[in-house]
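Working notes for the structure below.
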Amino acid sequence: MIPASFAYARPTTVDEALQAIAAGGDDVKIMAGGQSLIPVMRLRLAAPETVVDLTKVAELRGVREDGDSLVIGAMTTHTDILRDPLIAQYGKLIAEATETVADPAVRHRGTFGGALAHADPAGDLPAVALALDAEFVIAGPGGARRSVPASAFFVDYLTTALDEGELLLEVRVPKLGEGWGVRYEKFNRVAQAWSIVAVAAAVRMEGGRIAEARIGLTNMGSTPLRATATEQALVGADVSLETVTAAAAQAAEGTEPSSDLNAQADYRQHLARVLTGRAVRAATGL
Amino acid sequence: MTQINVRVDGASYSDDVEPRTLLVHYLREQLGKVGTVVGCDTSNCGACTVHLDGESVKSCTVLAVQADGSEVTTIEGIAEGGELHPMQKAFHEKHGLQCGYCTPGMIMASIDLLKNNPNPSEHEIREGIEGNLCRCTGYVNIVRAVQQAAGKMSSTAGAQA
């Protein structure tokens, strides 16, 4: 299978990329690592007029720190993330989820920003970004910048707040340092498979009590979700099996997951509760 | 058509390709490097794995134009001076194949794995070749082959050091 014909642009700077997107006609696809886009084009589920390939835009690749934040360039590959010392120190939840993405060859090409902009409900990084209250820095036509919080970025199935002509530049997440425990708990059945359900948990402990809890759910709806009821039940609670188990029992509240050949909706809700319990226990060291 | 300049298995090529041409098709059909095979065509099986600038990639999921200016190594480029690469030798000696269709990709993925982790545990080997499917062997002899190659390659590296 071969993709339909398209015009191809390979810019080397953000400005060139924005110009190529603007000049690309009615149906432009921005290609990051191409590990989702090329398969979709091969199947002719997408047949864009123009592909703007970002792999040579060096300024979009890499991780830096800015005060209390990590700033992750959209074209940072999954492999880059797993080798990055700042991620190892302050971004362990991102690293845990990234390790579970596809397989090594795909992680060499696939990117952090590409996975988020693709917004597959079964993708692992959107729930992490949502749990971390990430900020998405976006460039528009002409170079104007805007910032969108994760809570507004994921709009629907494969749909984000990115408008036509816009480009995701970088993602800002808070550094999670001392006092934080994290775990990405993923359930699937075979190698390199997508999450049937997964849970991203980050918990900050203070003197035997839970001071902050951030729980993101993967594949429990058309967008990533927060397990708000569980988070509220955890904050202020003591770190014990009883409180964590009771809080995790609320993890599927308000969710309407899909039913498909991998799982029925009620089974997904069961998985969300079980995986949330496991993730929070691991994050709190129970 | 777009012109690309690429080095494949140590030789330089300058070719015109359509942007939609997949790297695996360029390798097989334009360069005749048919050692790299197309398996699933859906980015799952890893049979088409090659190294692009030293890192394993699924060549059905990279455009040939993206290899412009890069170095590609296929299964055909890893033997040196008529001597099989230690990984090829190990797959042969440990019977790490039956039908052999996954083998080119399996070997390229395994070489990449050892580059990053010269002494992997069995679990790490299984994780490292997660993107490569074998429907014959049950992976047991593949894991043994990678273990043998790891031993050989690290002792050779030690001797050179």
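The values are calculated or read from the model by the stated rules, or taken from the named source; none is laboratory data. Model, not experiment: these values are computed from the prediction. A quick note on method: Cβ atoms are made from the backbone with ideal geometry, for glycine too, and the neighbour counts reach across all protein chains shown. Just the protein is used for accessible areas: all its heavy atoms, side chains included, with ligands, DNA and RNA removed. Shrake-Rupley method; radii C 1.70, N 1.55, O 1.52, S 1.80 Å.
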Extension gain, A:Ala237 back to A:Asp156 (0.36 nm per residue minus Cα-Cα distance, nm) | 25.8 nm
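When every alpha-carbon pair in chain A is counted, what percent end up more than 33 Å apart?
Numbers: 8819 of 40755 pairs.
Here the long-distance tail beyond 33 Å is 22 percent of all Cα pairs in chain A.
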Accessible surface of A:Leu82 - all protein chains present, 1.4 Å probe, nearest 10 Å² = 70 Å²
Which ³J(HN,Hα) values in Hz, rounded to whole numbers, follow from the phi angles of segment A:98-108 under the Karplus curve 6.51 cos²θ - 1.76 cosθ + 1.60, where θ = phi - 60° and Gly and Pro get x?
-> 5, 4, 8, 6, 6, 8, x, 5, 5, 5, 5
Quick one: what are the phi-derived ³J(HN,Hα) couplings along segment A:225-232, Karplus 6.51/-1.76/1.60 with θ = phi - 60°, whole Hz, x for glycine and proline?
-> 10, 9, 8, 4, 5, 5, 4, 5
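Relative contact order for chain B: what is it in percent, counting Cα pairs under 8 Å that are at least 6 residues apart?
Numbers: 291 pairs, mean separation 37.2, N = 161.
Relative contact order, chain B: 23 percent.
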Between the modelled labels at B:Cys40 and A:Thr228 (7 Å from Cα along Cα→Cβ) the distance in nm is 3.8 nm
Of every hundred units of 1.4 Å-probe accessible area on segment B:86-160, the number belonging to carbon and sulfur atoms, as a percent, is 53 percent
Residues of segment A:87-124 that bury at least 40 Å² of accessible area, probe 1.4 Å, when all protein chains are present rather than the chain alone, are A:Pro104, A:Ala105, A:His108, A:Arg109
GNM of chain A, Cα pairs under 10 angstrom: of A:Val40, A:Val28, A:Val14, the biggest fluctuation goes to A:Val40
Can you list residues whose amide H is under 5 Å from A:Leu169's amide H, if they're 5+ apart or on another chain and H is modeled 1.01 Å from N?
-> A:Val137, A:Ile138, A:Ala139
Roughly how many debye, to the nearest 20, is the charge dipole of segment B:2-77 about its Cα centre, given +1 on each Lys and Arg Cβ, -1 on each Asp and Glu Cβ, and no other charges?
-> 160 debye
Per residue of segment A:209-222, in order, report the coupling 6.51 cos²θ - 1.76 cosθ + 1.60 (Karplus, θ = phi - 60°) as ³J(HN,Hα) in whole Hz, putting x for Gly and Pro.
-> 10, 8, 8, 9, 9, 10, 10, x, 10, 9, 6, 9, x, 6
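Work out, in µm²/s and without decimals, the Stokes-Einstein translational diffusion coefficient of segment A:1-84 at 20 °C, 1.002 mPa s, Rh from Kirkwood over C-alpha pairs. Don't skip to the answer; put the middle values down first.
Details: Rh = 14.0 Å.
D = 154 µm²/s.
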Which whole-number percentage describes the relative contact order of chain A, with Cα contacts under 8 Å and a sequence gap of 6 or more?
-> 15 percent
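Below 8 Å, C-alpha to C-alpha, sequence gap of six or more: please give me the relative contact order for segment B:2-77 in percent.
Details: 156 pairs, mean separation 30.5, N = 76.
Result for segment B:2-77 is 40 percent.
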Considering only A:Tyr90, A:Tyr267, A:Tyr184, give the residue with the highest GNM mean-square fluctuation for chain A, with springs between Cα atoms whenever their separation is below 10 Å.
-> A:Tyr267
Report the residue, chosen from A:Leu168, A:Leu132, A:Leu37, that carries the largest GNM mean-square fluctuation when chain A is represented by alpha-carbon nodes joined by springs under 10 Å.
-> A:Leu37
Cα centroid separation - segment A:181-218 against segment A:1-55, whole Å | 33 Å
Residues with amide H under 5 Å from that of A:Asn188, placed H, sequence gap 5 or more = A:Ile196
At what distance in angstrom do the alpha carbon centres of segment A:240-286 and segment B:81-129 lie from each other?
-> 39 Å
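Tell me the per residue accessible area of segment A:7-53 using a 1.4 Å probe; a whole number in Å² is fine.
Details: 2030 Å² over 47 residues.
The answer is 43 Å² per residue.
So which of B:Lys58/B:Lys115; A:Lys92/B:Lys89; A:Lys56/A:Lys186; A:Lys186/B:Lys152; A:Lys56/B:Lys33 end up more than 29 Å apart, counting from Cα to Cα? Walk me through the numbers on the way to the answer.
On the way: B:Lys58/B:Lys115 17 Å; A:Lys92/B:Lys89 39 Å; A:Lys56/A:Lys186 32 Å; A:Lys186/B:Lys152 36 Å; A:Lys56/B:Lys33 26 Å.
From B:Lys58/B:Lys115; A:Lys92/B:Lys89; A:Lys56/A:Lys186; A:Lys186/B:Lys152; A:Lys56/B:Lys33, over 29 Å: A:Lys92/B:Lys89; A:Lys56/A:Lys186; A:Lys186/B:Lys152.
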Interface size A-B, as summed buried accessible area [1.4 Å probe, Å², nearest 100] | 2400 Å²
Between B:Glu124 and B:Cys136, with labels modelled 7 Å along Cα→Cβ, what's the label distance in nm to one decimal, could you check?
-> 2.9 nm
Built amide H within the under 5 Å cut-off of A:Ser69, gap 5+ | A:Lys175
Of the candidates A:Gly91, A:Ala247, A:Leu70, the farthest towards the positive dipole end of the protein assembly as shown (Lys/Arg Cβ +1, Asp/Glu Cβ -1, centred on the Cα centre) is A:Ala247
